[in-house]
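Notes to accompany the following structure.
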Amino acid sequence: MSAPFKLAPLPWDEDALAPIISANTINFHYHKHHQTYVDTLNKLVEGTKFADMKLEEIVQATAGSADAKEKTLFNNAGQVWNHDFYWRSLTPAKTEAGGKLDSAITAAFGSKDVLIQQLAEAGKTQFGSGWAWLVSKDGKLAIEKTPNAETPMAKGVNCLLTVDVWEHAYYLDYQNARPKYLEAVLGKILNWDFAAANLEKESQPVRAAAE
Ligand code: MN
C-alpha cells in the first residue's frame, strides 16, 4: 500500500493542554480516532484517481457526492483535514487576537467575547457529532457549524479556527457536559495566532464542483 497520507504531528506535547484537555483524551483522540481516519483514507484511495490528489482536493471533489464510496471517502478525508485543523486551532501558549484579526472581530461581532459566545452556542447546538467554526466568508468573519465530517473548506470557505464537538473530543474529561468543554477550550486554549495566519491566506479554491 502506498499510503500517501500521513498522520500529521501534533503541534504540542500530548499533556500540554491539560487540565482543559487531558493527555488521556489527546492520546485516544489522536492515536486512535485521527489515526484510524488516516489509515482508512489510505485504504480507500489506493489504486484510484484520488491517490494522487491533495487532501483538500479530495474533500472538495467528493463533498455532496451521491456515490456511496465517495461519501465514505469524503467522511474520512474530511475527518483527517478537520482534525489536523483542530489540533492547530488549540495551543497552551497565550495568544491574542491582534491587528487585522482584531479589527475583523470587532467589525463582525463587536467584541471577542461575543464571538466566543456565538462559537460556544454553535458547538452546543450542533445536534450530534460535528464541528463549530470561525470562518472568513465574503470578506467578513462568521460562525458556522457542520455535522459529522463536513467542513466549510469543502465549499472553499476560508476556515480560521475549529472546535471538535464529537463526544470523543470531551467525554473522558467532561462526560456529557459539552458546554463545559466548550467554555474551557474557547476561553483558554484557542490559538489566535493560527486564526490570524489563516485570515491572511486566500480562501481555498473550490475544485470544479460545477464542472
Ligand atoms: Mn475528533
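The values are calculated or read from the model by the stated rules, or taken from the named source; none is laboratory data. Worth saying up front: this structure is predicted, and the values here are computed from it rather than measured. Note: ideal-geometry Cβ built from the backbone for every residue, glycine included; neighbour counts use all protein chains shown. Side chains included, ligands, DNA and RNA excluded: accessible areas come from the protein's heavy atoms. Shrake-Rupley method; radii C 1.70, N 1.55, O 1.52, S 1.80 Å.
Structure notes:
- For the stretch 23-89, the share of accessible area belonging to carbon and sulfur comes to 50 percent (1.4 Å probe, ligands and nucleic acids excluded).
- The residues HIS33, HIS83, sorted by heavy-atom accessible surface at 1.4 Å with ligands and nucleic acids left out, run HIS33, HIS83 from largest to smallest.
- The stretch 24-93: Lys pairs at Cα distance under 21 angstrom, eight or more positions apart or on different chains: 8
- Placing a pseudo-label 7 Å from each Cα along the Cα-to-Cβ vector at SER22 and GLN35 gives an inter-label distance of 1.9 nm.
- Candidate aspartates and glutamates - alpha carbon under 20 Å from LYS140, same-chain residues fewer than 8 apart omitted: GLU96, ASP102, ASP113, GLU121, ASP193, GLU200, GLU202
- Taking every protein chain into account, the 1.4 Å probe leaves LYS100 with about 120 Å² of accessible area, to the nearest ten.
- Using alpha-carbon coordinates, inclination of helix 112-125 to the longest axis of the chain, degrees: 50
- Rounded to 10°, Cα long-axis angle of helix 35-45 versus longest principal axis of the chain: 30
- For THR162, THR36, the ranking by accessible surface with the largest value first comes to THR36, THR162, using a 1.4 Å probe.
- Where only alpha carbons of the chain are counted, the Rg and the Dmax (Å): 16.8, 51
- Calculated mean residue ellipticity at 222 nm for the chain: -13500 deg cm²/dmol, from DSSP H runs with n ≥ 4 weighted as -39500 (n - 2.57), summed, divided by the residue count and rounded to 500.
- Between the alpha-carbon centres of the stretch 150-182 and the stretch 1-61 there is a gap of 16 Å.
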